[in-house]
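J.: First, the structure itself, so that you have it in front of you.
The values are calculated or read from the model by the stated rules, or taken from the named source; none is laboratory data. Note that the structure is a prediction, hence the values are computed from the model and not measured. Note: ideal-geometry Cβ built from the backbone for every residue, glycine included; neighbour counts use all protein chains shown.
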Amino acid sequence: MSQDFSADQKRYLEGFVAGAAASRAVGGLGAAPAQTGPAGASGPDAEHIAAQDAQVAAGKKLVDQEKWKREQHPFEAYRRLARETATGKLPAPADNFRWRYFGLFNVAPAQDSFMLRMRLPNGIVKAHQLEGAAALAARHGGGYLHVTTRANLQMREIAPESAEPLLEELMDLGIVARGSGADNIRNVTGSPLAGIDGQELLDTRPLCRQWHFHILSDRTLYGLPRKFNVSFDGAGVSPALEETNDIGFQAVDVGDGAGVAPGIWMRIVLGGISGHSDLARPTGAFCRPDQATAIADAIVRVFIDHGDRSNRNKARLKYVLDAWGFDQFIAAVEAKLGRKLDRIDEACIAPRPPTDRYAHVGVHAQRQAGLNWIGVALPVGKLTREQANGIAGLARAMGDGDIRLTVWQNLILSGVPDAKVAAAEAAIAALGLSTRVTPIRAGLVACTGNAGCKFAASDTKRHALEIADHVEAHVAIDVPVNIHLTGCHHSCAQHYIGDIGLIGARVAVNEDGDTVEGYDIAVGGGFAENARIGRVLWKAVKATDAPRHVEALLQTYLAHRHDPQESFQ
Ligand code: SF4
């Protein structure tokens with residue numbers, strides 16, 4: 001095996017070779033597609049087939065996606081899929097679903113092309129990888145990258161003929177996209193300032209990497225009832241938003257008298273899905289950091305066994321938890337693990353250190369003396385090739401070579417010496433980017449919208465910038481305000497945790513049924529120590545009227561706050 005691969009990458013590749021061999025043993029890789037699974041199936045997909053069979057036996061009807069997984073497992077379809085797209089054809093729904101296992105999405109009719117979503121554990125990309133990804137975007141896509149709300153990179157406008165070469169050239173960079181779409185465990189997020197933040201309790205990078213490579217090495221962790229999110233929060237100044245994930249691990253400082261060894265433990269919170277108006281809740285269970293991967297694995301396997309495969313709207317972990325209650329669910333996890341989980345009295349746990357809502361933008365001193373991180377705002381997450389190359393060059397010349405992406409759709413350069421900060425800021429400005437932004441742009445988040453996503457009711461990214469332009473011109477806001485725009489109920493931009501959240505809606509303009517782009521507008525959401533779900537204040541506001549509505553909310557806050565320290569929330 002080439003010396004270009006790291007030890008973790010080798011483990012991943014070897015694990016997948018083993019998985020493919022097991023697959024062949026049960027009739028995979030070119031075997032005729034099975035319409036129904038064999039009774040008592042063995043092999044890598046046995047748990048999934050058994051779960052499907054149990055639901056059919058209980059009188060449920062499997063959704064199409066479950067049938068597609070069973071007809072031909074996506075990992076056994078790669079050569080066929082590649083041959084077909086090489087002819088210039090975009091895939092129909094079943095094969096579009098299969099391509100998503102590899103990270104490629106046919107986004108027609110929004111765009112007649114593929115979108116690629118990568119996997120970057122803890123949101124960290126190396127300078128050479130960012131340059132390489134930008135070059136691939138120029139060669140195979142639209143020439144730009146988007147930073148996503150899972151601290152990840154997406155590439156758009158990819159011709160079908162580019163599907164296979166792009167995926168393989170991405171692997172050449174040491175970046176994988178496997179499992180970043182469809183019913184799989186998505187990009188693993190962690191604290192964006194892990195390892196450089198003076199207040200963090202725990203560096204989340206090793207945990208994210210371990211879980212990332214654990215997933216990549218085990219085919220049985222793909223093809224869940226629905227997508228699945230896992231996040232690790234190290235209690236730093238910039239939060240990981242773990243409460244919006246199916247599983248959140250929260251670093252906590254446990255004192256004496258808890259019945260366990262004092263020190264840093266992980267609180268296990270479950271069931272976050274903000275688009276369904278729910279945040280992850282504490283289970284009462286805790287683990288040591290080095291146990292997190294095994295426990296996440298057991299949780300996922302309980303979900304594999306019991307997640308609903310007959311109704312896509314009820315297929316997320318939250319619905320198993322709602323049906324069972326946390327005690328029953330944790331008992332099932334303990335049965336998978338073969339041991340009890342630790343319980344810790346919350347009274348023995350120190351409060352989480354506070355977050356700073358501006359930590360992801362601007363210049364901040366690292367815990368390493370003489371070094372700084374610099375947060376760079378990106379206009380709703382967009383990065384041109386020239387900007388990506390410029391940022392990568394800066395990371396190498398003035399920083400530690402890492403670029404940290406955040407769930408706020410911006411990026412952070414780390415390891416910049418005091419003496420180079422001014423030059424770095426000037427170089428960033430020369431790229432047309434900024435480290436100094438208003439409170440509005442620091443917290444402006446928008447999903448892809450209808451410029452690239454077929455589900456969107458509105459052009460979220462364009463409207464986000466219009467709202468920011470209008471509000472900055474009319475309101476002297478002096479406190480952090482997060483404005484999140486999401487195009488549909490899938491809630492990729494998590495509108496319900498924004499101070500102000502907008503969810504795309506078609507707005508009727510006459511009695512003939514004509515509609516225009518618009519939004520329902522919610523207020524009062526929050527995250528980290530202020531986590532809560534917002535509530536809808538106005539429904540069906542035309543997009544052209546949205547800036548004035550947001551302005552009215554902010555003007556009302558300024559007029560009625562009791563003192564300048566009172567938050568918008
Ligand atoms: Fe597309 Fe909806 Fe996600 Fe926006 S929230 S990117 S519209 S799926």
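J.: Checking the condition in contact (Cβ under 8 Å) with a residue 40 or more places away in the chain and either at positive phi or among the hydroxyl-bearing types (Ser, Thr, Tyr) (or both), which residue from 241, 216 passes?
T.: Going through 241, 216 in turn, the sole match is 241.
J.: Go through the stretch 195-210 and count every residue that is under 17 Å from the mean Cα position of the chain (by Cα) and buried (at least 24 other Cβ atoms within 10 Å of the Cβ).
T.: Going through the stretch 195-210 one residue at a time, the tally reaches 3.
J.: Here is a follow-up. Of all residues in the stretch 434-451, count the ones that are near the ligand (Cβ under 8 Å from one of its atoms) and either among the basic types (Lys, Arg) or under 18 Å from the mean Cα position of the chain (by Cα) (or both).
T.: Final tally of qualifying residues: 3.
J.: Which of (1) buried (at least 19 other Cβ atoms within 10 Å of the Cβ); (2) at pLDDT 95 or above; (3) not charged (D, E, K, R) does residue 255 not meet, given it meets every other one?
T.: (1)
J.: Next question, about the same structure. Please find, among 552, 559, 528, 493, the residue that is aliphatic (A, V, I, L, M) and at positive phi.
T.: Criteria check complete, one pass: 528.
J.: While we're on this one: When you go through (1) in contact with a strand residue (DSSP E or B) (Cβ under 6 Å, 6 or more places away or on another chain); (2) surrounded by fewer than 23 Cβ atoms within 10 Å (Cβ to Cβ); (3) closer than 19 Å to residue 99 by Cα one by one for residue 157, which number turns out not to apply?
T.: That leaves (1) as the condition not met.
J.: Right, here's the next one. Among the numbered criteria (1) within 16 Å of the ligand (Cβ to nearest atom); (2) within 15 Å of residue 148 (Cβ to Cβ), which one does residue 403 miss?
T.: It is condition (1) that residue 403 fails.
J.: Then there's this: Collect the residues in the stretch 459-474 that are in contact (Cβ under 8 Å) with a residue 24 or more places away in the chain and either within 16 Å of the ligand (Cβ to nearest atom) or surrounded by 20 or more Cβ atoms within 10 Å (Cβ to Cβ) (or both), keeping them in residue-number order.
T.: The answer is 459, 460, 461, 463, 464, 465, 467, 468, 471.
J.: Right, next: If I go through the stretch 491-511 residue by residue, how many of them are among the hydrophobic types (A, V, I, L, M, F, W, C) and either near the ligand (Cβ under 9 Å from one of its atoms) or within 18 Å of the chain's Cα centre (by Cα) (or both)?
T.: Going through the stretch 491-511 one residue at a time, the tally reaches 4.
J.: Among the residues of the stretch 223-230, is any of a type in the set (Phe, Trp, Tyr), buried (at least 24 other Cβ atoms within 10 Å of the Cβ), under 15 Å from the mean Cα position of the chain (by Cα) and more than 22 Å from residue 103 (Cα to Cα)?
T.: Within the stretch 223-230, none of the residues are of a type in the set (Phe, Trp, Tyr), buried (at least 24 other Cβ atoms within 10 Å of the Cβ), under 15 Å from the mean Cα position of the chain (by Cα) and more than 22 Å from residue 103 (Cα to Cα).
J.: Anything in the stretch 39-93 that is acidic (Asp, Glu) and assigned to a loop (DSSP other than H, G, I, E, B)? List them, or say none.
T.: 45
J.: Looking at (1) over 25 Å from residue 352 (Cα atoms); (2) in contact (Cβ under 8 Å) with a residue 12 or more places away in the chain; (3) within 16 Å of the ligand (Cβ to nearest atom); (4) not basic (Lys, Arg), which one does residue 313 not meet, given that it meets all the others?
T.: Single failed check for residue 313: (2).
J.: Please find, among 416, 445, the residue that is crowded, with 21+ Cβ neighbours inside 10 Å and out of contact with any His (no Cβ under 9 Å at 6 or more places or on another chain).
T.: From the options 416, 445, the qualifying one is 416.
J.: Sticking with this one: Got a number for residues in the stretch 526-549 being free of Cβ contacts under 8 Å to residues at least 40 places away in the same chain and either assigned to a loop (DSSP other than H, G, I, E, B) or farther than 18 Å from residue 357 by Cα (or both)?
T.: 12
J.: Shifting gears a bit: Which of (1) assigned to a loop (DSSP other than H, G, I, E, B); (2) surrounded by 15 or more Cβ atoms within 10 Å (Cβ to Cβ); (3) more than 16 Å from the ligand (Cβ to nearest atom) does residue 488 not meet, given it meets every other one?
T.: The number of the failed condition is (3).
J.: Moving on to the next point. Can you pull out every residue in the stretch 274-307 that is touching a strand residue (DSSP E or B) at 6+ places or on another chain (Cβ under 6 Å), part of a helix (DSSP H, G or I) and small (Gly, Ala, Ser)?
T.: 292, 296
J.: Examine the stretch 301-313 for a residue that is over 27 Å from residue 496 (Cα atoms), surrounded by 18 or more Cβ atoms within 10 Å (Cβ to Cβ) and touching a Leu at 6+ places or on another chain (Cβ under 8 Å), and state whether such a residue exists.
T.: Looking through the stretch 301-313, at least one residue is over 27 Å from residue 496 (Cα atoms), surrounded by 18 or more Cβ atoms within 10 Å (Cβ to Cβ) and touching a Leu at 6+ places or on another chain (Cβ under 8 Å).
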